[in-house]
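Undergrad: Starting off with a structure, shown below.
The values are calculated or read from the model by the stated rules, or taken from the named source; none is laboratory data. Being a predicted model, the structure only gives us computed values, none of them experimental. Don't worry about glycine lacking a Cβ; one is built from the backbone with ideal geometry, like all the others, and counts go over all protein chains shown. These accessible areas exclude ligands, DNA and RNA; they are computed on the full protein's heavy atoms, side chains included. Shrake-Rupley method; radii C 1.70, N 1.55, O 1.52, S 1.80 Å.
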Amino acid sequence: HPVVFAQPLSRDEADPAVVRITAVTSDSFMLYVHEAPDEDGSHTTEAVSYLVLEAGSWQLADGTQLEVGRVVTDATVGAQVNNVWAGVTFGTAFPGVPVVMSQVQTANDSHWVSTRQQNVSRTGFEVAMEEDEAQTAAHGSETVGWLAMSTGLGVWSSH
């Protein structure tokens, strides 16, 4: 049950863009750079860093707690839509308020979209998708991957 995080772009072009993840399987995924709709639609090649984690609860060797999951939702926020948030509850409470990141994992709705989080606590958070400011309707249902991680300092290593 892989969850993919691909951010940020290298910014080789000034036009705003997001990374869209699609076709996540047990051993592969696809991604593309999706330029904001008020731009010219053509985007230069960008470098993209990515991280793939297995869904579940994990503890790193230094004690850092991670929880990774997915939620299917059409929860959308924006300037011209009725803001709706999806609640996520962690399987295990964190010792303190964790850092949370999220990434849309599908492209069921072709509109430009990113994610937002709010109300992060030791036991969960709320997530929603945000389209460009001109949109007046909610985004279609997508799978949103999320990562919650204990705060602190550490080093990722291959050992």
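Undergrad: How much of the accessible area of region 67-159, in percent, comes from carbon and sulfur atoms when a 1.4 Å probe is used?
TA: Here it works out to 50 percent.
Undergrad: Hey, another quick one. How large is the dipole of region 72-149 about the Cα centre if only Lys and Arg carry +1 and Asp and Glu carry -1, each at its Cβ, rounded to the nearest 20 debye?
TA: With Lys and Arg at +1 and Asp and Glu at -1, about 400 debye.
Undergrad: Counting heavy atoms of the protein chains only and a 1.4 Å probe, report the per residue accessible area for the chain as a whole number of Å².
TA: Normalised by residue count, the accessible surface of the chain is 56 Å².
Undergrad: Leu153 to His1: extension gain in nm, 0.36 nm per residue of separation minus the Cα-Cα distance?
TA: Numbers: separation 152, 0.36 × 152 = 54.72 nm, distance 2.70 nm.
Net length gain for the segment: 52.0 nm.
Undergrad: Another question, if that's okay. Just Val24, Val144, Val113 to compare: in a GNM of the chain, with alpha carbon springs under 10 Å, which one fluctuates most?
TA: Maximum fluctuation in the GNM of the chain, among the listed residues, is at Val24.
Undergrad: Related question: Using Cα-Cα distances under 8 Å and only pairs 6 or more residues apart, what relative contact order does the chain have, in percent?
TA: Reported as a whole number, the value is 26 percent.
Undergrad: Could you tell me the calculated FRET efficiency between Thr123 and Val72, based on Cβ-Cβ distance and R0 = 25 angstrom, to the nearest 0.05? Kindly include the intermediate steps, with their values, before the conclusion.
TA: Details: r = 21 Å, r/R0 = 0.83.
The value I calculate is 0.75.
Undergrad: Further, regarding this structure: How high is the FRET efficiency from Asn108 to Trp58, r the C-beta distance, R0 30 Å, rounded to 0.05? Can you show the working numbers first?
TA: Working: r = 28 Å, r/R0 = 0.94.
With R0 = 30 Å, the Cβ-Cβ based efficiency is 0.60.
Undergrad: Additional query: Largest first, what is the accessible-area ranking of His34, His139, His1, His111 with a 1.4 Å probe?
TA: Sorted descending by solvent-accessible area, the residues read His1, His111, His34, His139.
Undergrad: Suppose the chain between Asn82 and Tyr50 were pulled fully straight at 0.36 nm per residue; how much longer would it get relative to their current alpha carbon spacing?
TA: On the way: separation 32, 0.36 × 32 = 11.52 nm, distance 3.19 nm.
Here the segment from Asn82 to Tyr50 would lengthen by 8.3 nm.
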